[in-house]
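Step one of this worksheet: look at the structure below.
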2 protein chains.
Amino acid sequence: MSQITPAPTPLSEHRHPDPLQPDGRSTRWADHREARRAELVRIARRVVHHQGPDVSMDEIASAAGTSKSIVYRYFADKTGLQIALADAVLLQMQGALEGALRSADTPRDGLRSMVAVYLEMVESSPHVYSFVTRQPESGAPMVHFLDAVTAMVATPFVRALTESGVTVPGPTSALAQSWAAGAVGFVRGAGEWWMAQQGEPGTPSRDELTRQIASWLWVGPVGFLTRERGSPDRPDPSDRQPPATQETP
Amino acid sequence: MSQITPAPTPLSEHRHPDPLQPDGRSTRWADHREARRAELVRIARRVVHHQGPDVSMDEIASAAGTSKSIVYRYFADKTGLQIALADAVLLQMQGALEGALRSADTPRDGLRSMVAVYLEMVESSPHVYSFVTRQPESGAPMVHFLDAVTAMVATPFVRALTESGVTVPGPTSALAQSWAAGAVGFVRGAGEWWMAQQGEPGTPSRDELTRQIASWLWVGPVGFLTRERGSPDRPDPSDRQPPATQETP
DNA sequence: CCAGAGTACCTGATACCGTCGGTTTCGTGA
DNA sequence: TCACGAAACCGACGGTATCAGGTACTCTGG
């Protein structure tokens, strides 16, 4: 996982093995298959976008002008389709991210760009987002999409860690990965809260939320709030109040 | 296999026939119902714990020595059962949290306690955790469990905000809520990463992860890492470190 | 005041339905 | 001949309807 690449060739468990071997006449089908598969993903994405994350395989198939058996020829199961769709989305996000990162010179700006790209994706198609982040029934413990995003975040982080010569106990990759997983979770949690809030008064704009999240991830609420009050960078750990008891659920 | 009526609590002579109440024949079952409902939740929790988050309603019913119709008499649907189970778990977490908060004097310790309680829950029963955090098919946009935890986090946070006299643009509640949603997401993301990592070398212990997460949430990675290197509390925003740009895939 | 009939409300099993993910069968066209 | 693709099919599951008790309350007549 050296690259930022979202692992576009994921677990082959959910991907159908090519039944045809490189036997000359099969190569002709290879690219056809690939093209058709991509087309199916495209259609599935459109259908999910419009119909919601609960579309059935039948609906997807008929939207593609065909029947389930075809879909199942290209994807092992629904999870396989979900993964393929996630890869398509990830590829697109990566493109947007590269553009944004070109004009980001501080690492913090980089973080902000990542948050921005994520939130843009969520906003641009909540249904697709929901579909892609849904954990499969009795399947892998990790959702491919979130896993890939985590890798995308962890990779530069771990490099920055090693390059900056920070020495921490234990393997740095575990440190970076756990932070990345947490950070992605933060954006996910805040983003989904934000989407659920839409329409309520006081809901921040996407850009506001982006900056907010980046701030919080970077310096924590203390750093952010103290900055708000004037003193830019003194966390003041012996702060007052906070986490106390609360009412019943 | 129970009798038709286990113990309907005959409330005969100790309760006057209230003219406002429609009929004593209906009220008779009230507390029995409540008790049975709780019992069903308990059993469901045990079954989910052992069988995994994909148990069917039939399985739960038969584990309770009855059939689906009974379960559906007490819970509108599977989501209703999920919510009830979540409430039971939340109640327990709240108990643990109150105990922990009693010995936490700084807000940061409070945060650490919350993280600890969450991770303890995840570790104590991954299956129940998974069941309770699963988003229902085509249902509410928010998972009840996560929503409730977010509220538990946001409440003290918003109080701390107002009491400390921090003035921020817009309603403070939106600010607190978005942070809470993000923080819960952070713990969720890191916690699930951690559970998926179990067995790998370099995986932190629960306690290590707890402190790590609390640190990151409180001061961000910059604050944490600079502290690691010696200077306890100087984030130094113009820092080197993390999320930088990276190359193309 | 009381005995018993009638009633309101409940329990609970079983059969059933619609949907959906996934598989198998079989016709057909190159 | 043979792969492709449509359509029938299958099993599982969430959820509902039906029906058969059963118990404690209420009502009525003596």
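The values are calculated or read from the model by the stated rules, or taken from the named source; none is laboratory data. What you are looking at is a predicted structure, and each value in this text was computed from that prediction instead of being measured. Because the Cβ atoms are built from the backbone with ideal geometry, glycine has one as well, and the counts that use them run over all protein chains shown. Surface accessibility is based on the protein's heavy atoms, side chains included, excluding ligands, DNA and RNA. Shrake-Rupley method; radii C 1.70, N 1.55, O 1.52, S 1.80 Å.
Just a few scattered comments:
- For the listed peptides B:143-156, A:188-201, a ranking on the average number of other beta carbons within 10 Å per residue, highest first, reads B:143-156, A:188-201.
- Proximal lysines to A:Lys78, defined as alpha-carbon separation beneath 19 angstrom and excluding residues fewer than eight positions away on the same chain: A:Lys68
- Placing +1 on the Cβ of every Lys and Arg and -1 on the Cβ of every Asp and Glu, with nothing else charged, gives the range B:28-75 a dipole about its Cα centre of roughly 220 debye.
- Accessible-area rank, largest first, for B:Ser205, B:Ser178: B:Ser205, B:Ser178, with all protein chains present and a 1.4 angstrom probe.
- Centroid-to-centroid separation of the range B:144-164 and the range B:172-224 [C-alpha atoms, Å]: 17 Å
- Positive-pole candidate from B:Ser62, B:His50, B:Phe75, dipole of the range B:28-75, charges at beta carbon: B:Phe75
- Cα-centre dipole for the range B:90-185 with unit charges at Cβ (Lys and Arg positive, Asp and Glu negative), debye to 20: 120 debye
- Each principal axis of the range B:49-143 carries a Cα extent, and these read 50, 30, 21 Å when sorted largest first.
- With the Kirkwood sum run over all distinct C-alpha pairs, the range B:113-209 has a hydrodynamic radius of 15.0 Å.
- Using a Förster distance of 22 Å, the FRET efficiency for B:Ser56-B:Glu123 (Cβ separation, nearest 0.05): 0.25
- Ellipsoid equivalent to the range B:28-75 - semi-axes via the Cα gyration tensor, in Å: 20, 11, 7
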